[in-house]
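Report on the following structure.
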Amino acid sequence: MIKDKILVIGACGQIGVELTLELRRIYGGANVVASDLREENPLLKGTGPYVSLDVMNKEMLHVQVIRQNITQIYLLAAILSATGEKNPNLAWHLNTTSLLNVLDIAKDENIRKVYWPSSIAVFGPTSPKKNCPQQTIIEPITVYGISKYAGEFWCNYFNHRYKVDVRSLRYPGLISYKSEPGGGTTDYAVEIFHDALAENHYTCFLKEDTYLPMMYMPDAIRATIELMESDEDKISIRTSYNISGMSFSPKEIGEEIKKHLPGFTMNYEPDYRLPIAQSWPQSIDDSVAQKDWDWKPKYNLASMTSEMLKNMK
Ligand code: NAD
Ligand code: AKB
């Protein structure tokens with residue numbers, strides 16, 4: 001049996017912390033090397049090795065891969081949709097160069113598997129709004145969406161041309177309480193819990209009827225590991241798989257929170273993130289992921305809300 005040694009890049013971010021902890025639970029703490037530009041997240045301390053690493057420095061990345069005998073890479077470093085619009089050049093540069101650095105090294109060093117997440121942000125205003133299919137019109141309007149769509153095709157290219165086993169999911173907005181979200185348009189669905197518990201009130205930067213696809217973090221972590229552990233012959237999509245959890249609007253999540261915190265109130269002050277959200281689908285068709293590797297979410301709006309409030313209290 002191959003003994004895997006995993007490198008997680010961007011391990012101190014919203015997904016990275018929880019994914020690293022779960023990978024360490026499965027593969028053993030010493031076999032999962034966490035890395036980031038930032039200081040080590042307190043939740044990771046003492047659970048396994050940590051290296052400070054800038055993924056843009058290809059030489060340093062290459063040295064770490066060789067030095068640590070890495071066999072799998074999870075690349076999570078990116079600039080998300082809202083922050084990306086403030087500095088489009090930086091977002092394009094980080095999101096695409098980081099992926100090319102990792103794919104090149106994976107090709108040269110025979111890395112067994114690579115994971116790189118895409119996003120529902122690849123879709124744009126011309127994509128279907130409801131049950132957006134795996135293959136459809138894709139015309140993203142954010143630099144983040146453009147970088148993710150380009151990245152999907154780089155993954156596809158490296159798989160077909162060089163046989164790099166790179167796998168990917170188009171995550172919806174992710175909702176978690178262990179680590180903070182990092183500059184996305186769907187972040188309102190995390191902020192709302194913090195403000196509800198602190199002030200019993202939330203001012204939302206989207207309109208009340210802005211439906212978006214969302215997922216509770218435990219489902220996203222499970223989807224990631226299920227995809228990565230699936231047999232290679234089950235993977236028919238080498239760009240990125242649609243996956244779906246739940247869909248709701250700010251008004252609906254507010255009403256759900258109100259069932260637990262009766263005095264909770266909301267108002268709306270839409271900003272530059274509203275057109276981004278309105279350009280994305282409201283719900284996602286993930287039938288290809290269901291068929292290929294048996295994907296099925298566990299959480300809906302009600303169960304996610306009660307878990308979030310229970311854990312955050
Ligand atoms: P995040 O912003 O919370 O974390 C990204 C991490 O990467 C940060 O800790 C940051 O310090 C690190 N990083 C940035 N530049 C780096 C560099 N040059 N070298 C090394 N590390 C660097 O992001 P996240 O929400 O955890 O997202 C992880 C991945 O999942 C991204 O590719 C993102 O596009 C994708 N995704 C996230 C969501 C979501 O809702 N969180 C949804 C869809 C897709
Ligand atoms: C964002 O809002 O930018 C992310 C995403 C959906 O990719 N959460």
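The values are calculated or read from the model by the stated rules, or taken from the named source; none is laboratory data. As the structure is a computational prediction, the values presented were derived from the model and not from experiment. Here the Cβ positions follow ideal geometry from the backbone for every residue, glycine too, while neighbour counts run over all protein chains shown. The area values use the complete protein model at the heavy-atom level, side chains included, leaving out ligands, DNA and RNA. Shrake-Rupley method; radii C 1.70, N 1.55, O 1.52, S 1.80 Å.
Summary table
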item: Test: I146 is closer than 20 Å to A77 by Cβ and in the same structural domain as T97 (by TED's automatic domain parsing); result: yes
item: Qualifying residue in region 270-290 (condition: buried (at least 20 other Cβ atoms within 10 Å of the Cβ) and more than 26 Å from T126 (Cβ to Cβ)); result: no
item: Residue within region 68-86 that is away from ligand 1 (no atom under 14 Å from the Cβ), among the hydroxyl-bearing types (S, T, Y) and in contact (Cβ under 8 Å) with a residue 40 or more places away in the chain present; result: yes
item: Qualifying residue in region 185-198 (condition: touching a His at 6+ places or on another chain (Cβ under 7 Å) and free of Cβ contacts under 8 Å to residues at least 12 places away in the same chain); result: yes
item: Search result, residues across region 204-251 that are charged (D, E, K, R) and open to solvent by 10 Å² or more (accessible area, probe 1.4 Å); result: K207, E208, D209, R222, E226, E229, D231, E232, D233, K234, R238, K251
item: Residue within region 94-102 that is at negative phi, within 16 Å of ligand 2 (Cβ to nearest atom), surrounded by 18 or more Cβ atoms within 10 Å (Cβ to Cβ) and not hydrophobic (A, V, I, L, M, F, W, C) present; result: yes
item: In region 117-131, residue surrounded by the most Cβ atoms within 10 Å (Cβ to Cβ) [restricted to those that are within 19 Å of the chain's Cα centre (by Cα) and assigned to a loop (DSSP other than H, G, I, E, B)]; result: F123
item: Residues satisfying the stated conditions in region 51-82, i.e. open to solvent by less than 60 Å² (accessible area, probe 1.4 Å) and hydroxyl-bearing (S, T, Y); result: T71, Y74, S81
item: Residue, surrounded by the fewest Cβ atoms within 10 Å (Cβ to Cβ), within region 14-44, restricted to residues that are under 18 Å from Q64 (Cβ atoms) and of a type in the set (G, A, S); result: A30
item: All helices (runs of 4 or more DSSP H) inside region 1-106 with 1 or more residues being among the small types (G, A, S); result: 14-27, 81-86
item: Cross-chain or 6+ apart pairs with Cβ under 6 Å, region 126-147 first and within 21 Å of M214 (Cβ to Cβ), then more than 13 Å from ligand 1 (Cβ to nearest atom) and open to solvent by 70 Å² or more (accessible area, probe 1.4 Å); result: S127/I137
item: Matching residues in region 115-141 - criterion: being within 20 Å of L227 (Cα to Cα) and either away from ligand 1 (no atom under 15 Å from the Cβ) or of a type in the set (D, E) (or both); result: P133, Q134, Q135
item: Matching strands (runs of 3 or more DSSP E) fully within region 168-251 where at least 1 residues are within 16 Å of ligand 1 (Cβ to nearest atom); result: 169-171, 173-175, 212-216, 246-248
item: Boolean, E226 is modelled with pLDDT of 95 or more and over 25 Å from E85 (Cβ atoms); result: yes
item: Verdict on Y241 being within 29 Å of F153 (Cβ to Cβ) and more than 13 Å from ligand 2 (Cβ to nearest atom); result: yes
item: Residues satisfying the stated conditions in region 252-262, i.e. open to solvent by 10 Å² or more (accessible area, probe 1.4 Å) and either part of a helix (DSSP H, G or I) or touching a strand residue (DSSP E or B) at 6+ places or on another chain (Cβ under 9 Å) (or both); result: E252, E255, E256, K258, K259, H260
item: Positions within region 194-203 being surrounded by fewer than 23 Cβ atoms within 10 Å (Cβ to Cβ) and hydrophobic (A, V, I, L, M, F, W, C), in sequence order; result: L197, A198
item: From the options K251, K298, K291, K258, residue that is over 30 Å from F153 (Cβ atoms), of a type in the set (K, R), free of Cβ contacts under 8 Å to residues at least 12 places away in the same chain and not assigned by TED's automatic domain parsing to the domain that holds G145; result: K258
